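Every number in this text was worked out from the coordinates using simple rules, so none of it is lab data. This structure is a prediction, so every number in the text was calculated from the model and none was measured. Neighbour counts are summed over all protein chains in view; Cβ atoms, including those assigned to glycine, are modelled from backbone coordinates with ideal geometry.
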């Protein structure tokens, strides 16, 4: 429940405080995994012991790793709007004021579309993310201005409460939703270049885990590389990192795609069965024993939710590397 720009600022400040040389506006033209090195748009060649490409679904780093095996993002039929409403406007409307003190993330679901909404930035903004189908050529950008009339039309049959919120939106952004297919590897042949985040496992936002999994990647990668005594250790550690992170990230990506199908069902027997199971198995903000019952909505499934949110990145790396070292010793 944090504004993405605020989180980026926290990460930026932390990097600067740690002594990182941050170069804004240094666009990478190509990555040479044999160096390894990165050529930026000024012509400067930057060399390093290891290169981490966190450069999105159109990753140049990934292209250098996979070369002719590189895969492109797969377009989905959906677009999404992003918008916020200031606290003052929300609180001055009796019909929706209660949403600013609701600590939950609320989701309104319906045929082919949904609205995810929650307060953020210390309760000063109400955040909205709205998914909807739209015809297009798949070339949409992530920050195109959205049409407010078009936005309202998509949700004209939704709950009057959320329609009232949308009526206070004065501007919105729209972007095309896409996902990365499963990659054959995240690591270069020489083991000195690796991709993380969207470059490795870009996913649709129906579990809101795109940035979260990237942060997990960073924590796990740091924990792995912290064990390097020299450059010669990097290839094995990057491959261990991939072995730890790839299965989890791909499971989350698959789950996000499936959750969109669950949320966007049309009215009918299948939707009624979904609603019945969701009502029976919803986790209501408290620890519950694992159940054999499955909630179709993975956000609230008593088995999937603890696995998703209870992940300890540092412990996972420590345990995995311990087992890896034992197997290496036994061999």
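Numbers for the structure displayed
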| item | result |
| --- | --- |
| For the chain, built as a Gaussian network whose Cα springs stay under 10 Å, the top-fluctuating residue of 60, 23, 227 | 23 |
| Percentage relative contact order, the chain, counting C-alpha pairs under 8 Å, at least six apart | 16 |
| Relative contact order %, the stretch 74-179, counting alpha carbon pairs below 8 Å whose residues are six or more apart | 40 |
| Structure-based [θ]222 nm, the chain - -39500 (n - 2.57) summed over DSSP H runs of at least 4, per residue, nearest 500 | -12000 deg cm²/dmol |
| Per-selection metrics, the stretch 164-321 (Cα): Rg and Dmax in Å | 19.0, 61 |
| Equivalent-ellipsoid semi-axes of the stretch 151-192, from the Cα gyration tensor, Å, largest first | 43, 12, 9 |
| Cα coordinate range in the chain, projected on the principal axes (Å, largest first) | 62, 51, 39 |
| Within a Gaussian network of the chain (alpha carbon springs, distance under 10 Å), most fluctuating of 164, 182, 135 | 135 |
| Anisotropy class of the stretch 1-148 from Cα gyration tensor, a/c 1.5 cut | oblate |
| On Cα atoms only, tilt of 269-281 relative to the major axis of the chain in degrees | 70 |
| Footprinting exposure proxy for 237, 308, 323 (fewest neighbouring C-beta atoms within 10 Å first) | 323, 308, 237 |
| Between the stretch 82-118 and the stretch 178-203, the alpha-carbon center distance in angstrom | 35 |
| Helix 210-225 vs. the chain, principal-axis angle (Cα, 0 to 90°, nearest 10) | 20 |
| Degrees between helix 4-17 axis and first principal axis of the chain (Cα, 0 to 90, nearest 10) | 30 |
| Percent of C-alpha pairs per 5 Å bin, the stretch 74-179, short to long | 2, 12, 24, 24, 19, 11, 5, 2, 0 |
| Label-point gap, in nm, between residue 104 and residue 309 - each point 7 angstrom along Cα→Cβ | 1.2 |
| Most mobile listed residue (202, 310, 110) in the chain, GNM with C-alpha springs under 10 Å | 310 |
| Difference of contour (0.36 nm per residue) and Cα-Cα distance, residue 276 to residue 156 | 40.7 nm |
